[in-house]
1. Can you tell me which residues in region A:332-349 are at negative phi and either touching a residue at least 40 places away in the same chain (Cβ under 8 Å) or not in a helix (DSSP H, G or I) (or both)?
2. For region A:547-559, what are the residues that are surrounded by fewer than 18 Cβ atoms within 10 Å (Cβ to Cβ) and either touching a residue at least 60 places away in the same chain (Cβ under 8 Å) or outside the structural domain of A:Q693 (by TED's automatic domain parsing) (or both)?
3. Here is a list: A:D123, A:D118. Which entry is under 22 Å from the mean Cα position of the chain (by Cα), outside any loop (DSSP other than H, G, I, E, B) and in contact (Cβ under 8 Å) with a residue 12 or more places away in the chain?
4. Could you tell me whether region A:96-107 includes any residue that is assigned to a helix (DSSP H, G or I) and loosely packed, with under 14 Cβ neighbours inside 10 Å?
5. Run down B:R77, B:R68 and say which single residue is crowded, with 16+ Cβ neighbours inside 10 Å and either in contact with a strand residue (DSSP E or B) (Cβ under 6 Å, 6 or more places away or on another chain) or within 12 Å of chain A (Cβ to nearest Cβ) (or both).
6. Please work out which residue is farthest from the chain's Cα centre (by Cα), limiting yourself to region A:571-583 and to residues that are within 19 Å of A:Q668 (Cβ to Cβ) and modelled with pLDDT under 75.
7. Pairs only if they're at least six apart or on different chains, beta carbon under 9 angstrom, first in region B:39-61 and under 17 Å from B:R6 (Cβ atoms), second in a strand (DSSP E or B) and at pLDDT below 90; list them, first residue then second.
8. Report every pair of residues separated by at least 6 positions or lying on different chains whose Cβ atoms are under 8 Å apart, first residue within region A:277-294 and under 15 Å from A:I314 (Cα atoms) and assigned by TED's automatic domain parsing to the domain that holds A:L178, second modelled with pLDDT under 80 and exposed (fewer than 14 other Cβ atoms within 10 Å of the Cβ).
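The values are calculated or read from the model by the stated rules, or taken from the named source; none is laboratory data. These numbers come from a predicted model, not from an experiment. Cβ placement follows ideal geometry from the backbone for every residue including glycine, while neighbour counts extend to all protein chains displayed.
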Amino acid sequence: MKTHNKTKKTPALAGWLLKQLFPEDGADTVVGDFAEEYNHIAGKKGIVLARFWLWAQILISLKPYIIYSFLWRMNMFKNYLKVALRNILKHKGYSFINLFGLAIGLACTILISLWVTDELSYDRFHKNARNLFCVYNTEHYNSGNIVYSYSNPVALGPALKSTCPEILEQTRYIIQSLCLGGEERNFVMDVAFVDPSFLKMFSFPLLKGNINTALKNPYSIVLTEKSAARFFGSTHPLEKSIKIGSKHLVPVTGVMANIPRQSQLQFDCLIPISSLKEFFKFDMNNWGMFAFKSYVQLPEGVNHKEVERKIAGIIKKHNKTANESVGLQPLTAVHLHDLKGEGLMGYVYIFSAMGILILLVACINYMSLATARSTQRAMEVGLRKVVGASRTSLYGQFMGESILLSFCASCMALIMVHLVLPYFNQLAEKDMVLSYSFLFIIGLTGIALFTSLFAGSYPALVLSALKPVQILKRSRQKTMERSWGFRRILVTLQFSLSIFLIIGVVFIYKQMQFIQNKNLGFHKENIICMRMDGNINKNYRALKDELLKNPHIMNMARSNATPEAKQSSISGHLIRWEGKQDHQELAGIHLLGVDYDFMETYGISMAEGRFFDENFSTDWGKSVILNETAIQAMGINSPVGKQLYLGKDTCTIVGVIKDFHFRSLHHQLEPLLIVMNWSLSHISIRLKGKKIQETLQFIKRTIKKIIPGSSFLYEFFDERLQSQYKGERRMEKLVRSMALLAILISCLGLFGLASFTTQQRTKEIGIRKVLGASVGKVILLLTSEFSKWVIAANLIAWPMAYWSITKWLQGFAYRAPIEFHIFLISGAVVLLLALLTVSYQSFKAARTNPVESLKYE
Amino acid sequence: MNLLTRTEELILLAVWRLREKAYSVEIRKYLKEVTASYWSFGAVYMPLDRMVKQGYLVSSLADPTPQRGGRSKRIYRLTPAGMESLSRIKKMQKTIWEGLPEPSIEELK
């Protein structure tokens, strides 16, 4: 053997197995012995025989190993499993409550985590996501007002790239609704005008066409797959062209994959920004008109704050009258944070907290019920201990049971999520799917393990610590006393959460009602709005004359936006007026372009002066109307007839219109300037009477007749108004479902607990009844116990709810008042629910014949 | 009186004889040679462990060798108690053989 210099290593698996077989300290030398013998045999009889020998040795020793250790362990495990199952079956009701509560909690947490991960995934699919930034500007006023905006001058992008070497790429981005002509049909599409670098910066992959040349020529258009299909069906789009306006025929140079929902940039097609100059004679060196979004790409690892410092003053440098300084916001932050540092992220935090809270409530329930059940299992624990179970093995048993249950609950939860997900998607307006990715499975297992550890640890610790002598001497009342205080706290906590959520729901509902009923200053019902293209605008007179012949159409008007939509605005420093003092200043004014019948169509009234009138030829371009807030802010006395200077233009104020809410109620009323010389892109038609459907058909026919080939796409004005509060409505629905769930879970928990506590007090009740207590007295005794907890829960929930509601309402400029009786009513409702929950048990206990409960003494 | 079993006696003698080479592989090899029968590792380990517990043997770790995959040997040495029990069994054997001739078939006739 010594002549063989080469020594063979034993197979790794065999070595490992050997080590397992000898778990004592000697394992190392034993493995060494086998290695030596293995080498010896290998040297003498060959490696094959040596292997054979080694494995034979392992197999021989495996058998006793299995028999002596594994089999016994299995036996014990089988016993644990059997006892656990028997316990579950013995108390079917409680087991179901326990499992169901936990499953609901888990399902909620899964749904919420789906939503949260979805919100957090916005714009992260871009390969460069970390290096892309959105350019914004801030305007500081002497009054301390700061106005943030993503709209920049068109010339900013190229100037940024040429002045700052850190900026690798830049693209401008502006969305316009244009009517595009296909081979057969026309479509109104959201067209994004962008720089050629757009496709390289953002990861919108081209399915057809060349990424380098697709947007090079001003005469080119890149369609998304969806819009390509709308224009050309299944035929190959690359050789086809699309008509923009009436003159320009543009070839399709690329087809890109559909835009993922998790993108803030949503458009139907891309057109090079150079075509703005080519087609519309747009001045690409303009520094005065703020309308373009701008994105830049920085190199990896460059701090955007440093770049920001270099470019901050660039607008002021090129435009002496401008006051805006430039900043950069990471692309991935845009969806979640608005520039004031608020935004969706708040909701993400709220819902994450809710998810964790609901999971906690479910866990607390589980704990509370499992602890209560320990009364019944104390005997078992005592016996096990007497027979020789160690504390660790008991701990393992209860933990194992808890893990088993929570994994059952996870399976139930998954089934629930699958059932509920379609509705949840509807509610959240998303299309989330439950994908069993590695991360998800790990996460769910993690949650299940956490739940079982959290929920199982208390009973496991309490039960395994019980002293067998005490238990077997039936002095268990004493051991249970200790957990009373703890359980009281648990129940109180979850009821306070339920009360908190209910109060929240009520106040969100009240605020939504308040918004619904608030007089916005204009008429809301029976108005339809539609966008129009150039063809309609040209034939508007004829169309209006024709439509107004119908008695069901009250009036119609054109405007550049519907009254509730976000208006364009003019910087405050461009505005001067007759009699302006130096200290007077306007922090910008919103601009609304209208034509004659706008006021009548929307039912707005004048405070002073007159509205635009066809009899005054100067109204077109020379007259303006202000709202009351503007007059107040400017401090003009008797404004009608005074002059207003807008940059170089001079206008006359012909009237003051009564304030109406031209923005959502999140915002205070702000100054508004109404003019007539604006590009008018919307038609609003006010209907009257009941025959809405017929009137709509009539409008459609008339438009088709006068302007053949145009489409009739309309929206009801009140629906547009509603959509301003989409976020809040969604929140209302979500919080409502969560409140329902919280109540359900808390009541389930209370029900289980109540039945156990009454069971424990059976003897006491029996004695009370023997001594002459009435059924009513006993019920009172039992329910008052629980009412105390719920009242305590109220006291915890109220300040929390008050604080959160005030915080939430701060998002609105106009708020419903916080009424204190709502707190009381919510608390009372929850108390009533809690009493109903425990009443069944109390009633049953109170009605029991005392003989039943006392005869075993 | 505590008497050694035959296996224990054999192993103690092997340990004595092998001295600083007295570890399980060598002991087993020696036993196989002497008894001309198969000894499994387990048959060596069990009495060794037992006699360490009884105080007849002590063990210590020695340097590893490459054949052992870098693992150390456990070398066994006799303790005074071990030596005592050997001498006891030897005495007993002597007494029990005293006066008897060499065993042969002839004696049975």
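1. A:T332, A:V334, A:H335, A:L336, A:H337, A:D338, A:L339, A:K340, A:E342, A:L344, A:Y347, A:V348
2. Hits for region A:547-559 are A:N550, A:P551, A:H552.
3. Of the residues listed, the single one that is under 22 Å from the mean Cα position of the chain (by Cα), outside any loop (DSSP other than H, G, I, E, B) and in contact (Cβ under 8 Å) with a residue 12 or more places away in the chain is A:D118.
4. So far as region A:96-107 goes, yes, one or more of its residues are assigned to a helix (DSSP H, G or I) and loosely packed, with under 14 Cβ neighbours inside 10 Å.
5. Exactly one of B:R77, B:R68 is crowded, with 16+ Cβ neighbours inside 10 Å and either in contact with a strand residue (DSSP E or B) (Cβ under 6 Å, 6 or more places away or on another chain) or within 12 Å of chain A (Cβ to nearest Cβ) (or both), namely B:R68.
6. Per the stated criteria, the residue is A:G572.
7. Close Cβ pairs (under 9 Å, with a partner that is in a strand (DSSP E or B) and at pLDDT below 90) amount to B:L48/B:S59; B:L48/B:R74.
8. Cβ pairs passing all conditions: A:G288/A:T321.
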